[in-house]
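Let me begin by presenting the structure, written as structure tokens, before commenting on it.
The values are calculated or read from the model by the stated rules, or taken from the named source; none is laboratory data. If you're wondering where the values come from, they're calculated on a predicted model, not measured in any experiment. A quick note on method: Cβ atoms are made from the backbone with ideal geometry, for glycine too, and the neighbour counts reach across all protein chains shown.
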Amino acid sequence: MDGVHLFGELQFHGLTITPWKIVGWLGAGIFGARFLIQWIASERAKKSVIPFGFWECSAVGSFLLLTYFAVYRHDSVGVLQNVLPLPIYLRNLYFRYTLHEAKHPGAKARPAE
């Protein structure tokens, strides 16, 4: 039995749903949610900021999409699209988890008005 179709397929309004497509949709949804997180954080800060959740969504979404394109679709374009920026996302998460203090003046909190 082919492992890709282990759980079978489901037809829903002419759309074929497989477990691998769900992985791809989740990856795309999580990856896209990073922009909502960044937008909300910037609105709250009243300046452009990149919150921690942006990097988490980038890494998780990219990893899910990489898995989808590499294992299920065998699509080199999708693999490259997701594997090339992944080290950047992981590096930013590393900085966050190791609690380095930001040295860039733009990373400091905005003074109260």
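Of note:
- If you check Ile30, Ile37 for being closer than 20 Å to Tyr94 by Cα, under 12 Å from the mean Cα position of the chain (by Cα) and free of Cβ contacts under 8 Å to residues at least 24 places away in the same chain, only one passes: Ile37.
- Sole residue being part of a helix (DSSP H, G or I), surrounded by 15 or more Cβ atoms within 10 Å (Cβ to Cβ) and at pLDDT 95 or above, chosen from Gln81, Gln38: Gln38
- Checked against the criterion of being modelled with pLDDT under 95, part of a helix (DSSP H, G or I) and closer than 30 Å to Ala112 by Cβ, segment 14-24 contains not a single residue that satisfies it.
- Picking from residues in segment 42-69 that are touching a Ser or Thr at 6+ places or on another chain (Cβ under 9 Å) and in a helix (DSSP H, G or I), the one that is surrounded by the most Cβ atoms within 10 Å (Cβ to Cβ) is Phe69.
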